[in-house]
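Working notes, structure below.
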Amino acid sequence: MNKALKHSVTRRVIYSTLASLLIAGLFYGGYSYYFLKSAYETSEASNASFQYGLGELSDKLRASEALNNDLKTLLQARQQEKEAIGQQVQSLSSTVSILDKLSKTDKQLLEKYSSVYFLNENYVPPTLSSIDASFLNRQDKPVQILAGIAQHLADLLNSAKTAGIQLQVLSGYRSFGTQQSLKASYKTVYGSGTANSFSADQGYSEHQLGTAVDFTTPLIGDTFSGFSKSSAYAWLTANAYLYGFNLSYPKNNTHFVFEPWHWRYVGVELAKKLHDENKSLYELDQREIDTYLVKFFD
């Protein structure tokens, strides 16, 4: 084979190889383009799906937040209802407690006697307590008082003692019969008119309630003479209300003569009201007085 023929064959081989390479390149390029395009389209589809899913998730999240807010609102409403019911129960419980307390408290303890209301011969305080003999003007003559107020009286007497006041008790609870005998003796000694000016008939005496006390001092004794000018009376006027006691018959009262020694327990709250307003029990309407009965022993 001559040299020219060899060159011709070689060129054909080269051209054929180049053509094959070109075809292979075009094929590879086309495949790559198709692959990349498919991948891109798939990615776009996935992205669109993701965006859709993200939007759907956001909608669900917003719906969940709205539901959560609704639940919070409902919970708050239920809590408020619970608190309201609790307050109603507490109020009802308090009312029941007050009614129970009232049912166990003798309503006559704050009624106005001394010719206004009447206590029959069968009325006796439910429980009586003896006053410490060291506070009695006559230590050989026991004196009793309503048990529920005994501590209030003891506190009053001890406070007076601490203040240097020689305050003593001359009289406390008197039965219907005792008051009847006492009034009869007064009528014999002083006459009916005079006796009626300073002593109640049986059934009308505050002493029958067991809540009234006649105070005196060692010097004054049972005459009560000059008691209104004593330091004991001045101390009672300034301090007795703190322990629930009120002067029953002040000056110018319409029932009896001025009795600075006769004090009646009416409860701390009512005694404070009467002291602050400079009034006696008999100046108030009975309906107003009755509102203090529930706190009588407090």
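Would you mind stating whether P260 is in a loop (DSSP other than H, G, I, E, B) and farther than 27 Å from D201 by Cα? It is false that P260 is in a loop (DSSP other than H, G, I, E, B) and farther than 27 Å from D201 by Cα.
Considering only region 76-96, I want to know if a residue exists there that is in contact with a Leu (Cβ under 9 Å, 6 or more places away or on another chain), modelled with pLDDT under 90 and of a type outside the set (D, E, K, R).
No, that holds for no residue.
The set of residues in region 246-295 being of a type in the set (F, W, Y), touching a Lys or Arg at 6+ places or on another chain (Cβ under 7 Å) and in contact (Cβ under 8 Å) with a residue 60 or more places away in the chain consists of Y282 alone. When we screen L71, L119, L102 for residues that are assigned to a loop (DSSP other than H, G, I, E, B) and at pLDDT below 90, the only hit is L119. Considering region 283-298, and only residues there that are more than 15 Å from N246 (Cα to Cα) and of a type in the set (V, I, T), the residue that is nearest to the chain's Cα centre (by Cα) turns out to be V294. Restricting attention to region 166-198 and to residues that are in contact (Cβ under 8 Å) with a residue 40 or more places away in the chain and crowded, with 19+ Cβ neighbours inside 10 Å, the residue that is nearest to S231 (Cα to Cα) turns out to be L167. Would you check if there is a residue in region 283-295 being farther than 24 Å from G148 by Cβ and surrounded by fewer than 17 Cβ atoms within 10 Å (Cβ to Cβ)? Yes, region 283-295 has at least one match. In region 263-282, of all residues being part of a loop (DSSP other than H, G, I, E, B) and surrounded by 16 or more Cβ atoms within 10 Å (Cβ to Cβ), the one that is nearest to the chain's Cα centre (by Cα) corresponds to G267.
The values are calculated or read from the model by the stated rules, or taken from the named source; none is laboratory data. As the structure is a prediction and not an experimental result, all values here were calculated from the model. Here the Cβ is made from the backbone with ideal geometry for all residues, glycine too, and neighbour counts use every protein chain on show.
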